[in-house]
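Notes follow the structure.
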Amino acid sequence: MFRRCWEYISSIGIQPEYDDILVKRITLSNRFSVVAILVFLFSGINNIVLGDLFSGLLIECLVGVCFLGFYFNKLQYHRFAISFIFITVSIAIFYFDSYSGILSGTYLYHFPLILAIAFVFDMREDKKVMLFHFALIIVFLIINVVTDYTIFRSSFLTDEKRSQMFMFNLIFSASAVGFFVYIMIQNNLKESYLYIQRIEERRQSEKLVKEALDEKNILISELHHRVKNNLAIISGLFSLKMNDDLHEEAKNVLMESRNRVRSMALIHNRLYKSDNMTNVNFEEYAKELISEISASYPAVANSVKIDTDIKNVSININSAIPCGLILNELLTNAYKHAFRDKTNGHINVSFARDNNAIVMRVNDNGVGLPEDYKQKQSLGVTVIESLSEQLDGTYNFSNNNGTCFELKFKHS
C-alpha cells in the first residue's frame with residue numbers, strides 16, 4: 001500500500017510520451033516535495049511544542065505551499081514547478097535561519113537542498129538554472145552572516161531552545177541527506193538495470209538481425225546457384241543444337257548465344273562461391289570469361305594473344321553483367337572478324353577506376369571496323385549500345401591499327 005502510494009506521488013505529472021531524463025526530473029522533484037512537506041510539517045510541530053506558535057504556524061503554511069509543486073507538475077509546468085519548490089525552500093531556510101539564529105542549526109537544511117538541486121538538474125542542459133539556485137543559497141547565507149542573523153531574529157527563543165532545535169534540525173537534515181543519497185542509489189541501480197536490459201535487448205536484436213542476414217545470404221546464394229544451373233542448362237541446350245547438322249551461320253548464332261548465357265552464368269557462379277553476395281571481382285571474372293571465349297574458337301585461339309590490365313576492382317552485379325556481356329561481344333567479334341589471314345593477333349583488355357568512374361578498354365591489332373559498321377545494324381553492336389545505356393555510360397569505337405573500344409560509366 002505504502003509503495004503504491006509512493007509510486008503514485010512520484011509519478012504525478014508524468015506523461016507516456018516523456019523521455020527518461022524528463023521522467024527522472026519530475027520524479028525527483030515530486031519526491032523532494034514530499035521530503036520538504038515532511039520536514040516543514042514536523043518542524044512546525046516541534047516549534048509549536050517548544051512554545052513558538054508563530055513560527056510553528058508559519059512553517060505549517062509552507063506545507064500547503066509545497067503542495068503547489070504537485071499541482072504545477074500536473075499542469076505540465078515542470079520547469080516552473082521544480083524552480084518554484086527550490087526557491088520556496090531556499091527562502092524558508094533563509095528566513096528561519098535568521099529567525100532562529102545560528103545555534104538552531106537551520107542552515108543544515110542547505111545540504112539536502114544542494115544535493116536535491118544536483119540530483120534533479122542536468123549540468124549539461126540546466127547549467128544556468130543550477131547556478132541560479134546555488135547562487136541564491138550563497139547570497140542568503142552571506143546576508144545572514146553579514147547581518148549576524150538579526151534581520152528576522154526571534155526574541156522568544158532562548159539559547160536553550162535553540163540548542164533543542166539544533167538537535168532536531170540536525171537529525172532531520174541528516175535524514176533528508178540520507179534519503180536523497182538512498183534515492184540516488186536506487187535511481188542509479190534502476191538506470192543500471194535498464195541499461196543492462198537495453199544492452200541485452202540490443203544483443204538479442206543484433207542476434208536476430210544476424211540470423212536473418214545469414215538466412216538471407218543463404219537464400220541469395222541458393223538463388224545465384226539455381227540461376228547459374230538454369231543458365232548452364234540453357235547453355236547445354238545451345239551446345240546440343242550445335243552438334244546437329246546445321247548451317248555454319250546458324251551454328252555461329254547458337255555459339256554466340258551460348259557464350260552470352262555463359263557470361264551471365266559465370267557472374268552467378270562467382271557470387272555463389274563468394275562471401276560477398278552483391279559485388280564481383282571483375283579481374284577474376286574477366287580472366288575466366290576470356291578463357292571460356294577462347295575455348296569457343298579453337299581454330300584461331302592459338303594465333304591470338306590476349307593481355308589483360310585489370311586492376312583489383314569489385315563492381316556490383318548490376319554493373320558486372322552488362323560489362324561481362326559487352327566484353328563477350330567485343331572478344332567474340334574480334335575472334336570472328338579481326339584476324340582473318342593473320343597469325344599474330346593481339347587483344348588488350350583493360351579495366352580500371354578513374355575517380356568515381358570505371359573505364360573499360362578493348363583494342364586489337366586486327367583489320368579494324370568498316371566505315372559503315374553502324375549502318376549494318378549488327379546484333380553485336382546493338383547489344384553493346386543497349387548495355388552501355390543500361391550502365392548510363394558512354395562508349396566509343398575507333399580505328400587505330402585495329403579496333404579500339406572504350407566504355408566509361410559512373411560507379412561509386
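Throughout, read-outs are computed from the coordinates displayed, never taken from laboratory work. None of these values were measured; they are calculated from a predicted model. In this analysis, Cβ positions are derived from the backbone assuming ideal geometry, glycine residues included, and neighbour counts consider all displayed protein chains.
Data for the structure
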quantity	calculated
Rounded tilt (10° steps) of 282-296 against the dominant C-alpha axis of the chain	20
Dipole in debye (nearest 20) - the chain, about Cα centre, beta carbon charges: Lys, Arg +1; Asp, Glu -1	500
Compactness relative to 2.2 N^0.38 Å, alpha carbon Rg of the range 282-412	1.01
Positive dipole terminus of the range 174-233, leading residue within Ile183, Leu194, Ala212 (C-beta point charges)	Ala212
Rounded to whole Hz, the Karplus (6.51, -1.76, 1.60) HN-Hα couplings of the range 28-44, x for glycine and proline	5, 5, 5, 5, 5, 4, 4, 4, 4, 4, 5, 5, 5, 4, 6, 5, x
Value at 222 nm in deg cm²/dmol, rounded to 500, when DSSP H runs of n ≥ 4 in the chain each add -39,500 (n - 2.57)	-23000 deg cm²/dmol
The chain: angle of helix 248-273 to the longest principal axis, Cα-based, in degrees nearest 10	20
Relative contact order of the chain, pairs being alpha-carbon contacts under 8 Å that are 6 or more residues apart, as %	9
19 Å Cα-Cα threshold exceeded, pairs from Lys228/Lys408; Lys336/Lys408; Lys74/Lys190; Lys216/Lys287; Lys305/Lys342; Lys24/Lys74	Lys228/Lys408; Lys336/Lys408; Lys74/Lys190; Lys216/Lys287
Anisotropy class of the range 2-208 from Cα gyration tensor, a/c 1.5 cut	prolate
Net lengthening on full extension, Leu41/Val181 (0.36 nm per residue, minus Cα-Cα)	48.2 nm
Net dipole in debye of the range 2-208 [+1 Lys, Arg Cβ; -1 Asp, Glu Cβ; about Cα centre; nearest 20]	400
Bridge type composition, the chain - antiparallel percent by DSSP, nearest 5	75
Between helix 78-100 and the chain: long-axis angle, C-alpha atoms, 0 to 90°, nearest 10	30
The range 162-304 - charge dipole about Cα centre, Lys and Arg +1 at Cβ, Asp and Glu -1, debye rounded to 20	740
Rg/Rh ratio calculated on Cα atoms of the range 1-116 (Kirkwood radius)	1.02
Hz values of 3J(HN,Hα) by residue in the range 165-177 - Karplus curve (6.51, -1.76, 1.60), Gly and Pro given as x	5, 4, 4, 5, 5, 4, 4, 6, 5, 5, 5, 5, 4
Fraction of the pair-distance distribution of the range 156-276 above 22 Å, Cα-Cα pairs, percent	70
Dipole-positive endmost among Ala174, Ser29, Val89 within the range 2-208 (Cβ charges, Cα centre)	Ser29
Segment Glu406-Lys216, extension gain: residue separation times 0.36 nm, minus the distance between their alpha carbons	64.7 nm
Gain on full stretching of the segment that runs from Val23 to Glu288 - 0.36 nm per residue minus C-alpha separation	89.0 nm
Förster radius 60 Å - calculated FRET efficiency between Ala357 and Phe2, Cβ distance, rounded to 0.05	0.25
Where labels lie 7 Å past Cα in the beta-carbon direction, separation of Leu170 and Ile196 in nm	3.9
